[in-house]
Amino acid sequence: MAQADLVIRDALLYDGSGAAPVTGDLAIEGGRIAAVGSVGGSAKRTLDARGLALAPGFIDVHTHDDFALRKHPDMAFKVLGGVTTCVVGNCGFGPAPFREAWQMAAGFQSAGELSGWEGHRGYLETLEREPPSVNVATLIGHGTVRLAAMAAPKNPAPSDAEMAKMKAIVQEGLDAGAVGMSTGLVYEPGRNAATDEIVELAKLMAGSGALYATHMRDESLGLLDSVDEAIAIGVRAAVPVQISHHKASGRRAWGMVSQSLARIDAAQRSGLDVHADQYPYTAGSTILSAVVADGRFGGGLGTLTADDVVIASSKGHADWEGKSIAVLAREMNLEPLATAHRILEAAPGTTAVLHAMNEDDVRTVMRHPSTMIGSDGIPALDGRPHPRLYGTFARVLGRYSRDLGLFLMEEAVYRMTGFPAAKFGFRDRGLLRDGFAADLVLFDPKTVIDVGSYEDPKHPPKGIARVFVNGVEVVAAAQHSGARPGCVLRRTTR
């Protein structure tokens with residue numbers, strides 16, 4: 001080995017495979033891992049990591065950072081928490097075509113004024129010209145595609161010509177290197193799509209290595225039917241399936257995750273490549289308009305109360321942020337549903353935090369072998385975003401692994417590195433292996449923990465000491481270095 005750029009010495013090495021850690025060294029040369037174990041020879045720089053753990057960089061498989069990568073390319077809210085790769089385009093909200101992508105995202109993604117791009121290829125090429133601090137891979141958003149292709153996207157079925165246009169957009173994304181297609185079947189316009197429509201589009205991915213990721217139609221009382229639909233789409237289209245933010249939402253649905261997990265187990269036994277991701281909190285977050293459309297007030301689903309729904313971000317109405325619908329209803333002297341409508345009239349892109357899950361369910365899903373970790377953070381940086389935007393991965397490591405003993409630390413690291421890398425086809429990421437990209441996180445296993453709260457969320461976690469992206473130090477002494485060495489990860493056939 002030539003003189004290494006950096007040797008990290010005497011770290012506790014979690015290699016991302018789930019294997020027990022060992023103490024050793026790691027050398028970086030030219031943005032790649034040059035050696036792992038006992039590294040001899042000289043180096044331009046050495047780093048004493050005694051008492052710290054070294055792991056592959058965390059892969060956030062469920063993000064909504066499509067526009068944040070352009071508006072906030074330092075991605076401090078992710079890299080300070082150890083994230084080195086983000087998968088965008090989730091929940092049917094894709095980055096292209098640009099006009100429709102921005103129309104769907106306006107108000108809840110932090111974008112500001114941006115020049116557009118031509119298709120998914122243009123989006124990825126834009127990120128290559130002006131790289132962020134993290135690596136990025138994209139999904140094709142079915143909702144964005146539907147909005148671009150259909151004259152009346154609320155219609156239940158596209159015409160033959162509209163379906164042909166949808167297929168052309170999806171194919172363009174696949175040709176550009178997208179890692180799959182996502183749906184958001186609780187959002188407009190995806191909620192209007194029939195299963196057959198999704199299958200027909202997903203079939204374009206068969207044999208390509210691309211996967212189908214879904215925010216299912218119903219994560220509450222209809223959870224089991226929704227899981228069945230996701231699995232059926234995977235079987236009929238012959239594509240892998242990723243169930244987004246697996247949970248049972250609302251009190252009447254608590255406990256149903258045992259049955260939904262059993263369905264995943266059965267599908268895996270039958271040969272389907274199906275897994276899920278999860279954020280480690282009992283509250284979710286989404287756009288308020290989707291909550292209203294689902295009938296979650298006034299007993300429509302019977303699963304959320306006005307106290308459960310707290311405004312996170314509401315443009316021009318910072319005084320509403322952090323208050324529940326119940327509190328605002330009293331202030332406005334309105335019923336909860338009328339209050340929600342009043343808020344949406346004033347600020348259509350309002351986001352909310354939903355206190356809707358059960359801690360036992362969170363732990364049941366997390367310990368299941370089908371589950372990897374994804375933040376689902378909404379980068380509305382001007383409000384009170386869900387603390388998962390900052391603290392997801394440190395929370396799994398610190399609270400659920402170290403403090404609660406839900407699984408060993410090596411298992412926690414695997415679920416955010418080697419596991420998602422294999423699922424999404426990142427062949428040279430997610431493991432500490434010779435020749436792999438030097439995406440690395442150096443953390444203190446004794447102190448790593450999330451610190452943000454729902455009331456005060458915008459804080460990076462404790463215990464993340466250094467982060468490297470493609471061999472470049474992006475976080476040093478828990479501070480952003482200003483470096484932006486991220487690259488685009490395009491799909492390769494498995």
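Criterion first (among the small types (Gly, Ala, Ser), over 18 Å from the mean Cα position of the chain (by Cα) and under 21 Å from residue 219 (Cβ atoms)) does residue 324 satisfy it?
yes
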Has region 130-151 got at least one residue that is part of a loop (DSSP other than H, G, I, E, B) and over 30 Å from residue 472 (Cα atoms)?
-> yes
Exception for residue 58 within (1) over 19 Å from the mean Cα position of the chain (by Cα); (2) at pLDDT 95 or above falls at (1)
Subset of region 56-73, residues closer than 14 Å to residue 473 by Cα and either of a type in the set (Phe, Trp, Tyr) or not in a loop (DSSP other than H, G, I, E, B) (or both), comes to 56
Residues located in region 472-494, provided they are outside any strand (DSSP E or B), under 21 Å from residue 72 (Cα atoms) and modelled with pLDDT of 95 or more | 481, 482, 483, 484, 485, 486, 487, 489
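So that you can scan it fast, the table gives a plain yes or no per residue for (1) outside any helix (DSSP H, G or I); (2) under 16 Å from the mean Cα position of the chain (by Cα):
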| residue | (1), (2) |
| --- | --- |
| 366 | no, yes |
| 377 | yes, yes |
| 382 | yes, no |
| 389 | no, yes |
| 407 | yes, no |
| 412 | no, no |
| 419 | no, yes |
| 432 | yes, no |
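When residues of region 134-174 are filtered for being in contact (Cβ under 8 Å) with a residue 24 or more places away in the chain and out of contact with any Asp or Glu (no Cβ under 6 Å at 6 or more places or on another chain), how many remain?
Residues of region 134-174 in contact (Cβ under 8 Å) with a residue 24 or more places away in the chain: 134-148, 150, 153-158, 163, 166-167, 169-174.
From what's left, out of contact with any Asp or Glu (no Cβ under 6 Å at 6 or more places or on another chain): 134-143, 145-146, 153-158, 163, 166-167, 169-174.
Residues that pass the stated criteria total 27.
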Would you pick out the residues in region 155-179 that are surrounded by 17 or more Cβ atoms within 10 Å (Cβ to Cβ), within 13 Å of residue 208 (Cβ to Cβ) and out of contact with any strand residue (DSSP E or B) (no Cβ under 6 Å at 6 or more places or on another chain)?
-> 174, 176, 177
Any chance you could count how many residues in region 74-99 are in contact (Cβ under 8 Å) with a residue 40 or more places away in the chain, in a helix (DSSP H, G or I) and not basic (Lys, Arg)?
-> 6
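Do we have residue 420 as in the same structural domain as residue 86 (by TED's automatic domain parsing) and modelled with pLDDT under 95 here? If you could, list the steps in order and put the result at the bottom.
Numbers: in the same structural domain as residue 86 (by TED's automatic domain parsing): yes; modelled with pLDDT under 95: no.
Criteria not met by residue 420.
Any chance region 396-409 includes a residue that's closer than 22 Å to residue 133 by Cα, in the same structural domain as residue 83 (by TED's automatic domain parsing) and surrounded by 23 or more Cβ atoms within 10 Å (Cβ to Cβ)?
Quick first cut of region 396-409, residues closer than 22 Å to residue 133 by Cα only: none.
The answer is no; no qualifying residue exists.
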Selection from region 205-253 of residues that are crowded, with 18+ Cβ neighbours inside 10 Å and over 23 Å from the mean Cα position of the chain (by Cα) = 237, 253
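The values are calculated or read from the model by the stated rules, or taken from the named source; none is laboratory data. These numbers were taken from a predicted model, which means no experiment stands behind them. Neighbour counts are summed over all protein chains in view; Cβ atoms, including those assigned to glycine, are modelled from backbone coordinates with ideal geometry.
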